[in-house]
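The values are calculated or read from the model by the stated rules, or taken from the named source; none is laboratory data. Since we're looking at a predicted model, the values are computed, not measured. Note that each Cβ is placed from the backbone with ideal geometry, even for glycine, and that neighbours are counted across all protein chains shown.
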Amino acid sequence: MNFTAWSGEGRVRHPVFLGLREDKVARDVVMAVPDPEASRNAFKPRGTASDGPSRSRWNGAVPPRRRTTADA
């Protein structure tokens, strides 16, 4: 399996199944331990729900319906 990164919940992001391993048994395949000597960057979220909706950047699955004069 190949993937982009680990999520904060310990899940893989964008996984791709490449095939079964023939060199290891399933119980020997474990999550890799991160390098403790590697530099770490603090995560700073862009905004929270308490910030209110943003008119410039909407990230929903379905765009909001535009109000017209007929809707009023």
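Brief remarks follow.
- Check on residue 64, modelled with pLDDT under 75 and in contact with a strand residue (DSSP E or B) (Cβ under 9 Å, 6 or more places away or on another chain): no
- Number of the condition not met by residue 1 [criteria: (1) at pLDDT 80 or above; (2) in contact with a Pro (Cβ under 6 Å, 6 or more places away or on another chain)]: (1)
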